[in-house]
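> Submitted below is the structure of interest, expressed as structure tokens.
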Amino acid sequence: MTTELPVLATKAGASIRETALANGLRVLLVERHLDPVVAVMLWYRVGSRDEDERTAGVSHFLEHMMFKGSSAFGKGEVDRVTTLLGGSNNAFTTNDHTAYWFELASDRFEAALLIEADRMRALLLDPLEFAAEKAVVLEELAMGLDDPWRRLTELAQEAVFGRHPYRRPIIGHADALKRLTVEEMRAHYARHYRPENAILVVCGDFDSRSTLRIVESHLGAPWPAALLVDEPFRPVPTEPVGEKRFTMTWDDECHRVAMVWPSGAVGSKEDWVLDVVSTLLTGGRLSRLHRRLVLERGLATTVSTQNDARVDCGAFWLMAECAQGVAPERLEKAIDDELARLCDETIPAKELDRAKKIIASGEAYDSETVSDLAEELGEFAIDAHWRLSLESLDHIRAVTVAEVRDAARRVLATSRRVVAWSHPTEKQRKSPAKRAASSGKRR
Amino acid sequence: MSTTFTPPRTIPSLSVPFERHVLTSGAILLVSPRAGAPVCAIQAHIRGGPALDPKGREGVAWLTGALAEQGTKRRTEEQIAGLLEPAGGDISGDASGLAGSIVNDEWELLADLLCDSLTNATFPAEEVRRQKTRVLDRLLIERDDPRQQGGLRFRKLVYGDHWLGRAAYGSRASMARIRPEDLRAHRAANWVGRRAVISVCGDVDPARVKRVFERHLAKWRTGTLLATTPPVLPAIEPRVDAFRAERQQVHLYLGHLGVRRSDPDYAALVLMDHVLGTGPGFTNRISRKLRDELGLAYSVHASIHSSAGILPGTFTAYIGTSPQHAKTAIDGFRAEIRRIQTEAPGADELDLVKGYLLGSFPLGFERSSRRTGYLTAAELHGFPPDHLTRLLHEFAAVTPEDVRRVAADHLHPDKSCICASGPLSRAELAEIAGVSIEHAEKPSRARRAARRPNPTHVTQAARRPA
């Protein structure tokens, strides 16, 4: 194993090597010597996708508990060691994966590997710490509930993903979290935190050969065979049979809309085309929706889209805030008109070229730091394959005018979307001061 | 490679190499070449900022920066966007000038467009009307946002009527009064060579950068240096305000006037902050106590050094928590502040902070924009070329007693202002904070805010706020 690994590809001045340890852990070694810094990211293929109603939120909660003590690193030790060495760490959970990262000077990153090895195998999950951290997670959830966009997108997400676990918020729901037991979390940990379910990315200023030896010594020990456990049932949403609409209220002056359509999985042909569609619609000041709705007609204060491709299936999001004095119906009609144009008219080649250039230029920003590069490669690796990160521009450049039109017609049809509106509360609408403040005329 | 978790004992030598030039226009040009950098960043700082706003038209300096790339004598807003965006470029502005970044190979395009905006911005009436309308709409929405209102009201409590006590963009009323000619007049009077500091970082040849900026800024008016007057700021004394809104959490701010960056205690205050409320992870006392032990919050922190500037910053302790925990949180802040004022931290605690500061500084300069930000700050504050290394030596020399002393000298837990936004009234806040209601400021009638929406919360949750 410690023989020289071949360089499989290069990206942003970095040489990429890949191997798998005997216990199944995949390792990406990404060497770049621009700064004396190394990022260590460990990715687990577990997220809210792997939960059911009973355990909703456990993946994210477990991410918190990974800092609350393991066999060799007691409570607070992960932060203490990182701080003592002048480094930084954090972690995040998505629908499909959970990732832990460290950034340290290149002469001391081994500490991160020791920590990851220990907490992959021997997390304490002390019941007292579990109870204390549950209170923190519930506060985090409460913070999210104070955000109208979070409430609105969760409403729409629940509808668009049908019975798939993607319908639930990553952080879970308060009732499920309150009754979650440490035993349930222990089972979740034992099942998913295993070398064959993880990918290690080491990126930055190091020597691949000697680093691989260190990785093997800390993370290469054999593991007992995995328990056979049924996968959660994840029915991919069936084709919608009509538009679904929801409304909620919020005590401010804003009409907000979130539209969402079911779409394809990460790395699919549709994924690349929808990246282009998203850029055509809202990428920059010359994009169609921004130009028409915000700048020319003054119907919206902001508009954005997001191609949210996930492992099993995806969603295409459109979010906008109504300008004051504009009826929500007018904004929705204007959005519909623009989407219809995308479906019915041929996009000028120059416009398509501009969108592709904007996406291509994003590559520089995605690799500016070693942590950026580790995240870019690691996310593709855990959800699909890291080579997609290198091939993505070829896929984007290959997108044709016809493919954009076809994807728009297929995906963005009115009949298959969820529309969620947030309107000001009755009290808000009746406030004389507020009516006066928002009574400006609009074109 | 170390396996004992002991940081090297030596103090690293650290610098951001750069060339300094004074251009014909009087502008100072700082260029930091960085081989292999994928992104080039340029920052054009104009001295003055909101202090120069005309009375009643607060927000002029901010809007001048925000709209400077919305059209020039040479190019329309559409033409600028058409050139910039396909190259991965972006220019944004505020009361302190303009900043931009671009894919490195296109840096000359960014230099051209940024200089064009600096010297030739025309502020077309239609663009100004359009953008002003958007800002006014935004401010109306944020008038009801507790997080925004809490932060703004806390600043008002600390700074009173000084411009530091308001948002850079003013109020809805002052913003509504701003006309295109105000912006043109502000740019003409204040955006001049002798008030500008331009920083460039990327994979660039400094000699060529100098030639390019000389060419683009050859006709820029030299102007005069900025005249400044010492600020008159309210005394440190307890004041209370609250923004009532029905939410799950209450945002609590506790603090007072802070220090200038030039304060001789700055290095010791940085260490004190890390022990008290900004140390990474949960290594600082406030996070450890209020979040880790008591489970009161997801987001909690305290700092005095991070806002220190040419003018005094603030000491701010913040927590977002459930309303039933508000009293525990306020008591917790005060207890930890008093503890650090009376008990010097242990040697282990200080070693931890020193290990972090000496080890992390070299990691902080990976992004080109971070380097331009540092170069600009170094010029404005008059840092010597070996400033970073000197600072690391100052950190290393701080003793536990220094930390206790600066905490005692610069923190005032019993004279702190307290602001809450969320499901708490001003009277309720005054009661749980143990502050006489007579000390409570009347709520400001002006309601201001400025955060742009970030409606993409659907795909990630994290252990700590990013």
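> Can you find a residue in region B:95-103 that is buried (at least 20 other Cβ atoms within 10 Å of the Cβ), more than 23 Å from residue B:124 (Cβ to Cβ) and not hydroxyl-bearing (Ser, Thr, Tyr)?
Yes, region B:95-103 contains at least one residue that is buried (at least 20 other Cβ atoms within 10 Å of the Cβ), more than 23 Å from residue B:124 (Cβ to Cβ) and not hydroxyl-bearing (Ser, Thr, Tyr).
> When you check residue B:138 against the structure, is it surrounded by 22 or more Cβ atoms within 10 Å (Cβ to Cβ), part of a helix (DSSP H, G or I), more than 12 Å from chain A (Cβ to nearest Cβ) and not hydrophobic (A, V, I, L, M, F, W, C), yes or no? Don't jump to the end; show me each part of the working.
Numbers: surrounded by 22 or more Cβ atoms within 10 Å (Cβ to Cβ): yes; part of a helix (DSSP H, G or I): yes; more than 12 Å from chain A (Cβ to nearest Cβ): no; not hydrophobic (A, V, I, L, M, F, W, C): yes.
Against the criterion (surrounded by 22 or more Cβ atoms within 10 Å (Cβ to Cβ), part of a helix (DSSP H, G or I), more than 12 Å from chain A (Cβ to nearest Cβ) and not hydrophobic (A, V, I, L, M, F, W, C)), residue B:138 does not qualify.
> Give A:282, A:369 a once-over and let me know the one that is β-branched (Val, Ile, Thr), modelled with pLDDT of 95 or more and over 29 Å from residue B:77 (Cα atoms). Even if it seems obvious, please write down each step before you answer.
Working: A:282 fails: over 29 Å from residue B:77 (Cα atoms).
Only one candidate qualifies: A:369.
Let's see how each residue does on (1) at pLDDT 95 or above; (2) in a loop (DSSP other than H, G, I, E, B); (3) closer than 23 Å to residue B:168 by Cβ:
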| site | (1), (2), (3) |
| --- | --- |
| B:55 | yes, yes, yes |
| B:98 | yes, no, yes |
| B:117 | yes, no, yes |
| B:123 | yes, yes, yes |
| B:126 | no, no, no |
| B:131 | no, no, yes |
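> Now, a different point. Please work out which residue is farthest from the other protein chains (Cβ to nearest Cβ), limiting yourself to region A:236-281 and to residues that are under 20 Å from residue A:148 (Cβ atoms) and of a type in the set (Ser, Thr, Tyr).
Of the residues in region A:236-281, the ones under 20 Å from residue A:148 (Cβ atoms) are A:244-260.
With of a type in the set (Ser, Thr, Tyr) added as a condition, the list becomes A:247, A:249.
Working: A:247: 17, A:249: 12 Å.
Per the criteria, the residue is A:247.
> With (1) at the interface with chain B (Cβ under 7 Å from one of its Cβ atoms); (2) part of a helix (DSSP H, G or I) as the list, and residue A:90 as the residue in question, which single condition is left unmet?
(2)
> What residue, among those in region A:265-300 that are surrounded by 23 or more Cβ atoms within 10 Å (Cβ to Cβ) and part of a loop (DSSP other than H, G, I, E, B), is farthest from the chain's Cα centre (by Cα)?
Across region A:265-300, the extreme among qualifying residues is A:299.
> Might you let me know whether region B:224-237 holds any residue that is crowded, with 16+ Cβ neighbours inside 10 Å, farther than 29 Å from residue B:304 by Cβ, touching a residue at least 24 places away in the same chain (Cβ under 8 Å) and of a type outside the set (D, E, K, R)?
Scanning region B:224-237 turns up no residue that is crowded, with 16+ Cβ neighbours inside 10 Å, farther than 29 Å from residue B:304 by Cβ, touching a residue at least 24 places away in the same chain (Cβ under 8 Å) and of a type outside the set (D, E, K, R).
> Given the criterion closer than 28 Å to residue B:371 by Cβ and in a loop (DSSP other than H, G, I, E, B), identify the matching residue among B:31, B:16.
Numbers: B:31 fails: in a loop (DSSP other than H, G, I, E, B).
Unique residue meeting the criteria: B:16.
> Could I ask something else about it? Just give me the residues in region A:67-86 being closer than 15 Å to residue B:274 by Cβ, in contact with a strand residue (DSSP E or B) (Cβ under 8 Å, 6 or more places away or on another chain) and not in a loop (DSSP other than H, G, I, E, B), in sequence order.
Within region A:67-86, A:79, A:82 meet the criteria.
> Follow-up. With respect to the numbered conditions (1) modelled with pLDDT under 95; (2) out of contact with any Phe, Trp or Tyr (no Cβ under 7 Å at 6 or more places or on another chain), which one is the sole condition not fulfilled by residue B:329?
Checking residue B:329 against (1) modelled with pLDDT under 95; (2) out of contact with any Phe, Trp or Tyr (no Cβ under 7 Å at 6 or more places or on another chain), the one that fails is (1).
> Let me ask something else about it. For region A:134-156: of the residues being touching a residue at least 40 places away in the same chain (Cβ under 8 Å) and under 15 Å from residue A:421 (Cβ atoms), which is surrounded by the most Cβ atoms within 10 Å (Cβ to Cβ)?
Step by step, filter region A:134-156, then rank; the result is A:153.
> Please verify whether residue A:116 is within 21 Å of residue A:203 (Cα to Cα) and at the interface with chain B (Cβ under 9 Å from one of its Cβ atoms), treating the condition exactly as stated. Outline the logic, then answer.
Working: within 21 Å of residue A:203 (Cα to Cα): yes; at the interface with chain B (Cβ under 9 Å from one of its Cβ atoms): no.
So residue A:116 does not fit the description; no.
> Okay, moving on. Restricting region A:13-34 to residues that are within 13 Å of chain B (Cβ to nearest Cβ), buried (at least 19 other Cβ atoms within 10 Å of the Cβ) and in a loop (DSSP other than H, G, I, E, B), which is modelled with the highest pLDDT?
That would be A:32.
> Which fully enclosed helices (runs of 4 or more DSSP H) of region A:123-189 have 3 or more residues being more than 8 Å from chain B (Cβ to nearest Cβ) and under 18 Å from the mean Cα position of the chain (by Cα)? Show your work before the answer.
Working: elements: A:127-145, A:148-160, A:174-179.
Those helices (runs of 4 or more DSSP H) span A:148-160.
Residue-wise test of (1) assigned to a helix (DSSP H, G or I); (2) crowded, with 21+ Cβ neighbours inside 10 Å; (3) more than 22 Å from the chain's Cα centre (by Cα).
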position: A:350; (1), (2), (3): yes, no, yes
position: A:376; (1), (2), (3): yes, yes, no
position: A:396; (1), (2), (3): yes, no, no
position: A:402; (1), (2), (3): yes, no, yes
position: A:405; (1), (2), (3): yes, no, yes
position: A:408; (1), (2), (3): yes, yes, yes
position: A:415; (1), (2), (3): yes, no, yes
position: A:419; (1), (2), (3): no, no, no
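> Quick one: which residue in B:367, B:371 is surrounded by fewer than 21 Cβ atoms within 10 Å (Cβ to Cβ) and at pLDDT 95 or above?
Working: B:371 fails: surrounded by fewer than 21 Cβ atoms within 10 Å (Cβ to Cβ).
Of B:367, B:371, the one residue that is surrounded by fewer than 21 Cβ atoms within 10 Å (Cβ to Cβ) and at pLDDT 95 or above is B:367.
> Here is a check on your reading of the model: is residue A:116 crowded, with 22+ Cβ neighbours inside 10 Å, more than 27 Å from residue B:322 (Cα to Cα) and of a type in the set (D, E, K, R)? Please lay out each step first, then the result.
Details: crowded, with 22+ Cβ neighbours inside 10 Å: yes; more than 27 Å from residue B:322 (Cα to Cα): yes; of a type in the set (D, E, K, R): yes.
Spelling it out, residue A:116 is indeed crowded, with 22+ Cβ neighbours inside 10 Å, more than 27 Å from residue B:322 (Cα to Cα) and of a type in the set (D, E, K, R).
> From the residues in region B:286-305 that are part of a helix (DSSP H, G or I) and either in contact with a Gly (Cβ under 7 Å, 6 or more places away or on another chain) or polar (S, T, N, Q) (or both), which one is surrounded by the most Cβ atoms within 10 Å (Cβ to Cβ)? Steps first, answer last, please.
Pass one, region B:286-305, residues part of a helix (DSSP H, G or I): B:286-293.
Those left that are additionally either in contact with a Gly (Cβ under 7 Å, 6 or more places away or on another chain) or polar (S, T, N, Q) (or both): B:286-287, B:289-290.
On the way: B:286: 28, B:287: 25, B:289: 18, B:290: 26.
Ranking the qualifying residues of region B:286-305, first place goes to B:286.
> Sticking with this structure for a sec: Consider residue B:308 carefully, then state whether it is assigned to a loop (DSSP other than H, G, I, E, B), outside the structural domain of residue B:349 (by TED's automatic domain parsing), over 30 Å from residue B:120 (Cβ atoms) and at pLDDT 95 or above. Explain how you work it out, then say what you get.
Numbers: assigned to a loop (DSSP other than H, G, I, E, B): yes; outside the structural domain of residue B:349 (by TED's automatic domain parsing): no; over 30 Å from residue B:120 (Cβ atoms): yes; at pLDDT 95 or above: yes.
Taking the combined requirement at face value, the residue does not satisfy it.
> Of all the residues that make up region A:281-327, how many are among the charged types (D, E, K, R) and either in contact with a strand residue (DSSP E or B) (Cβ under 6 Å, 6 or more places away or on another chain) or not assigned by TED's automatic domain parsing to the domain that holds residue A:422 (or both)?
Kept after step one, since they are among the charged types (D, E, K, R), are these residues of region A:281-327: A:285, A:288, A:291-292, A:296-297, A:308, A:310, A:312, A:321.
Filter once more, so that each one left must be either in contact with a strand residue (DSSP E or B) (Cβ under 6 Å, 6 or more places away or on another chain) or not assigned by TED's automatic domain parsing to the domain that holds residue A:422 (or both): A:308, A:321.
The total comes to 2.
> Also: What about residue A:233, is it modelled with pLDDT of 95 or more and either outside any helix (DSSP H, G or I) or touching a Leu at 6+ places or on another chain (Cβ under 9 Å) (or both)? Please lay out each step first, then the result.
Working: modelled with pLDDT of 95 or more: no; either outside any helix (DSSP H, G or I) or touching a Leu at 6+ places or on another chain (Cβ under 9 Å) (or both): yes.
Taking the combined requirement at face value, the residue does not satisfy it.
> Also, I was wondering about something else. Consider residue A:326 against the criteria (1) closer than 20 Å to residue A:286 by Cα; (2) over 24 Å from the mean Cα position of the chain (by Cα): it satisfies all of them except one. Which criterion is unmet?
Just one mismatch for residue A:326, condition (1).
> Taking helices (runs of 4 or more DSSP H) that fall entirely within region B:155-247, which contain at least 3 residues that are touching a helix residue (DSSP H, G or I) at 6+ places or on another chain (Cβ under 6 Å)?
On the way: elements: B:172-177, B:180-190, B:206-216.
Of the helices (runs of 4 or more DSSP H) lying wholly inside region B:155-247, those with at least 3 residues that are touching a helix residue (DSSP H, G or I) at 6+ places or on another chain (Cβ under 6 Å) span B:180-190.
The values are calculated or read from the model by the stated rules, or taken from the named source; none is laboratory data. In this text the structure is predicted, and so the values were computed from the model without any measurement. Note: ideal-geometry Cβ built from the backbone for every residue, glycine included; neighbour counts use all protein chains shown.
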